[in-house]
Amino acid sequence: MAPSALRSCFIPVLFGLAACTVGPDYHKPDTTDITPAKWRWQASAPKDDAPKGDWWTIFHDSELNRVEALALADNQNVRAAYARIMQSRANARAAATDWFPNITANSKDKRERTSAHLPTPVPVRIPSAQINTFSETLDLSYELDLWGKVRRNFESARAQAESSAADYNNILLTLTGDVAATYFQIRALDADLASLRRTIDLREKSLAIIQQRFTAGTIQETDLLRSKTEVATAKAELADIKRQRQEASDNLSLLCGVPATSFRIAERPLHGAPPTIPAGVPAAVLERRPDVASAERLVQARNADIGVATAAYFPAISLTAQGGYLSKNTSDLFTADSRVWSIGPSISLPVTGFALIHANVKRRREAREEAIATYRQTVLAALKDVETTLAQTRYRGEQASAQSEALTAASQAAELTRARYDSGAASYLEFLDAERTRLQTERQTNQVTAQRFIATVKLVKAMGGGW
């Protein structure tokens with residue numbers, strides 16, 4: 001491998017007028033074999049109306065906009081990810097400095113006394129002396145990038161910086177998606193709270209009527225006790241929903257970077273249907289997904305690392321130079337006779353250790369293969385996410401339609417049973433059963449509504465959010 005690469009490059013050993021770059025040039029991994037032309041659940045459609053930028057604004061919810069802004073401003077994971085971007089960019093800038101000579105200024109001022117008893121082959125007594133040395137020099141060192149080692153190293157560092165930026169965008173997308181999903185969970189619990197409060201109010205009114213009937217001796221005591229049980233059970237369920245809401249609110253406060261003790265979100269039941277999100281085509285989704293972009297940038301970085309390792313096969317040519325002034329007296333330090341300089345190239349060529357170099361190149365090549373496999377797996381996961389969330393939005397919509405019909409029927413049945421009970425045509429057990437069914441159906445409807453909104457959030461996230 002090394003001899004063929006040598007024959008392909010012109011070696012300007014003395015002047016470095018031309019250079020070549022060893023290692024493979026980067027080509028984006030092919031994914032056409034795993035990328036479908038369209039989605040299973042939804043045909044491709046124009047994406048002009050798709051969410052861009054602050055995608056959560058498509059829900060037209062000012063409170064959701066507020067908590068998303070809090071999360072973006074104060075979430076500590078976001079700040080840590082931003083710091084990682086800055087580190088990667090600093091690494092790329094540091095790698096770029098290898099293109100330029102390294103120049104250092106040295107100032108050495110010394111006064112010393114020599115010994116009168118220095119070890120010499122001839123027993124000659126040399127008197128001791130005191131010597132002053134004043135030196136002001138500039139040192140230059142520069143390694144010619146004949147084989148593209150610096151270029152490949154910078155290419156790797158730049159690709160890793162771009163991967164970190166994509167990771168940062170992925171963290172933002174995950175964060176805003178989690179905030180929206182948690183927010184809609186809270187709104188679903190708000191709807192449950194409203195349902196239970198209405199139920200408690202109705203049951204307490206029924207209890208008052210039943211108490212009057214029991215006092216009048218027209219009903220049995222068991223009806224009174226059952227009525228009290230239903231009121232207490234509803235209150236217990238209300239307390240449990242309040243607990244769940246507080247826990248969800250605390251989770252949301254953590255995402256927003258706000259202390260849980262000072263975080264508040266007013267109750268507002270969730271109603272209606274989420275907006276429709278056009279899925280576009282798979283290829284466009286893969287271009288938008290930040291995790292796919294991050295994985296692809298890492299493939300480029302690992303590819304460039306091969307060139308860095310391959311450059312070790314070839315000689316390293318460096319130029320070193322020094323210029324300045326040297327004198328024993330400060331009075332004539334900067335005179336013409338005190339000038340000193342030196343210049344000379346140095347060449348280092350590996351004589352042994354080719355097995356180690358070969359092993360390093362092999363390791364870099366396998367690291368690239370690992371990165372390619374990771375990239376393809378990320379692509380497959382992205383396609384799976386979109387297909388899954390498209391199925392969720394479709395079936396959640398069908399479920400919501402059926403659930404709405406069930407709630408209408410359960411509410412009508414409860415009203416009819418109440419009327420029959422009031423007229424004495426139905427037993428109290430029938431009345432309780434109808435009320436329980438209505439409440440259970442109403443709470444299920446609340447949960448399905450929330451799941452539809454959350455499925456929409458997941459779809460936006462699966463598609464890469466805004467672009």
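Values for this structure:
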item: Qualifying positions in the range 243-253 - open to solvent by less than 60 Å² (accessible area, probe 1.4 Å) and either of a type in the set (Gly, Ala, Ser) or free of Cβ contacts under 8 Å to residues at least 24 places away in the same chain (or both); result: Ala248, Ser249, Asp250, Ser253
item: Any hit, the range 212-220, residues being in contact with a helix residue (DSSP H, G or I) (Cβ under 7 Å, 6 or more places away or on another chain) and of a type in the set (D, E, K, R); result: no
item: Lone qualifier among Leu416, Leu407, Leu429 - being at pLDDT below 90 and over 19 Å from Ala181 (Cβ atoms); result: Leu429
item: Subset tally (residues that are under 19 Å from the mean Cα position of the chain (by Cα) and of a type in the set (Ser, Thr, Tyr)) for the range 60-91; result: 2
item: Subset of the range 173-205 [open to solvent by less than 10 Å² (accessible area, probe 1.4 Å) and over 37 Å from the mean Cα position of the chain (by Cα)]; result: Ser195, Leu196, Thr199
item: Complete set of residues in the range 68-101 that are at pLDDT 85 or above, among the polar types (S, T, N, Q) and open to solvent by 60 Å² or more (accessible area, probe 1.4 Å); result: Gln76, Asn77, Gln87
item: Within the range 254-271, tally of residues that are among the aliphatic types (A, V, I, L, M) and either under 26 Å from the mean Cα position of the chain (by Cα) or open to solvent by 90 Å² or more (accessible area, probe 1.4 Å) (or both); result: 4
item: From the options Thr449, Thr437, Thr441, residue that is closer than 27 Å to Gln211 by Cα and among the β-branched types (Val, Ile, Thr); result: Thr437
item: Residues of the range 210-239 satisfying the condition of being under 40 Å from the mean Cα position of the chain (by Cα) and surrounded by 12 or more Cβ atoms within 10 Å (Cβ to Cβ); result: Glu237, Leu238
item: Residues (closer than 30 Å to Leu70 by Cβ and among the aliphatic types (A, V, I, L, M)) located in the range 207-263; result: Leu238, Ala239, Ile241, Ala248, Leu252, Leu254, Leu255, Val258, Ala260
item: Among (1) at pLDDT below 85; (2) assigned to a helix (DSSP H, G or I); (3) open to solvent by 90 Å² or more (accessible area, probe 1.4 Å), the one test that Pro121 misses; result: (2)
item: Residue that is in a helix (DSSP H, G or I), farther than 16 Å from Glu405 by Cβ, of a type in the set (S, T, N, Q) and open to solvent by 10 Å² or more (accessible area, probe 1.4 Å), where the choices are Gln451, Gln444; result: Gln451
item: Any hit, the range 309-321, residues being open to solvent by 50 Å² or more (accessible area, probe 1.4 Å), in contact with a Ser or Thr (Cβ under 9 Å, 6 or more places away or on another chain) and either in a helix (DSSP H, G or I) or under 30 Å from Ser107 (Cα atoms) (or both); result: yes
item: Test: Glu435 is in a helix (DSSP H, G or I), closer than 30 Å to Glu221 by Cα, touching a residue at least 24 places away in the same chain (Cβ under 8 Å) and not aliphatic (A, V, I, L, M); result: yes
item: Residue list for the range 322-338, filter: touching a strand residue (DSSP E or B) at 6+ places or on another chain (Cβ under 6 Å) and open to solvent by 80 Å² or more (accessible area, probe 1.4 Å); result: Leu326, Lys328, Thr330, Phe334
item: The range 384-408: number of residues that are out of contact with any helix residue (DSSP H, G or I) (no Cβ under 6 Å at 6 or more places or on another chain), of a type outside the set (Val, Ile, Thr) and in contact (Cβ under 8 Å) with a residue 24 or more places away in the chain; result: 6
item: Selected residue (criterion: most open to solvent (accessible area, probe 1.4 Å)) from residues of the range 388-420 that are of a type in the set (Val, Ile, Thr) and within 45 Å of the chain's Cα centre (by Cα); result: Thr408
item: Hits in the range 136-157 (condition: more than 39 Å from the chain's Cα centre (by Cα) and open to solvent by less than 20 Å² (accessible area, probe 1.4 Å)); result: Thr137
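Quick grid of which residues meet (1) within 23 Å of Ser156 (Cβ to Cβ); (2) among the hydroxyl-bearing types (Ser, Thr, Tyr); (3) under 26 Å from the mean Cα position of the chain (by Cα):
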site	(1), (2), (3)
Arg243	no, no, no
Leu252	no, no, yes
Pro290	yes, no, yes
Ala295	yes, no, yes
Phe314	yes, no, no
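Residues checked against (1) open to solvent by 80 Å² or more (accessible area, probe 1.4 Å); (2) outside any helix (DSSP H, G or I):
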position	(1), (2)
Val340	no, yes
Pro345	yes, yes
Pro350	no, yes
Ala359	no, no
Glu366	yes, no
Ala373	no, no
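The values are calculated or read from the model by the stated rules, or taken from the named source; none is laboratory data. Quantities reported herein were computed from a predicted structural model and do not represent experimental measurements. Glycine also receives a Cβ, built like all others from the backbone with ideal geometry; neighbour counts cover every protein chain displayed. Side chains are part of the model used for accessible areas, which takes the heavy atoms of the whole protein and leaves out ligands, DNA and RNA. Shrake-Rupley method; radii C 1.70, N 1.55, O 1.52, S 1.80 Å.
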